[in-house]
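Q: I have a structure here, written as structure tokens, and I will follow up with some questions on it.
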Amino acid sequence: MAKKVSKFFRIGVEGDTCDGRVISAQDIQEMAETFDPRVYGCRINLEHLRGILPDG
């Protein structure tokens, strides 16, 4: 089996979001402390715009 290689990605920062929410440093800390990869699959969609239609 090939060796699994991973690198760090920034997935969020403290502050206002584009949809009006606010992410606090405490929120980020709690997400990091409670994250369990056995429960939550890690997926990053680098090409988040998949098509020209809303369902695409």
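Q: Take the residues of segment 23-39 that are surrounded by 10 or more Cβ atoms within 10 Å (Cβ to Cβ) and in a loop (DSSP other than H, G, I, E, B): which is modelled with the highest pLDDT? Steps first, answer last, please.
A: Our first condition is that a residue be surrounded by 10 or more Cβ atoms within 10 Å (Cβ to Cβ); within segment 23-39, this holds for 23-25, 27-31, 35.
Among the residues that remain, those that are also in a loop (DSSP other than H, G, I, E, B) are: 24, 35.
Details: S24: 97, F35: 89.
Only one residue fits best here, namely S24.
Q: Just one of (1) surrounded by 10 or more Cβ atoms within 10 Å (Cβ to Cβ); (2) part of a loop (DSSP other than H, G, I, E, B); (3) at pLDDT 90 or above trips up G20, so point out which.
A: With respect to (1) surrounded by 10 or more Cβ atoms within 10 Å (Cβ to Cβ); (2) part of a loop (DSSP other than H, G, I, E, B); (3) at pLDDT 90 or above, G20 is out only on (1).
The values are calculated or read from the model by the stated rules, or taken from the named source; none is laboratory data. Keep in mind that what you see is a predicted model, and the values were worked out from it rather than measured. Methodologically, a virtual Cβ is constructed for each residue, glycine included, from the backbone with ideal geometry; neighbour enumeration extends over all protein chains shown.
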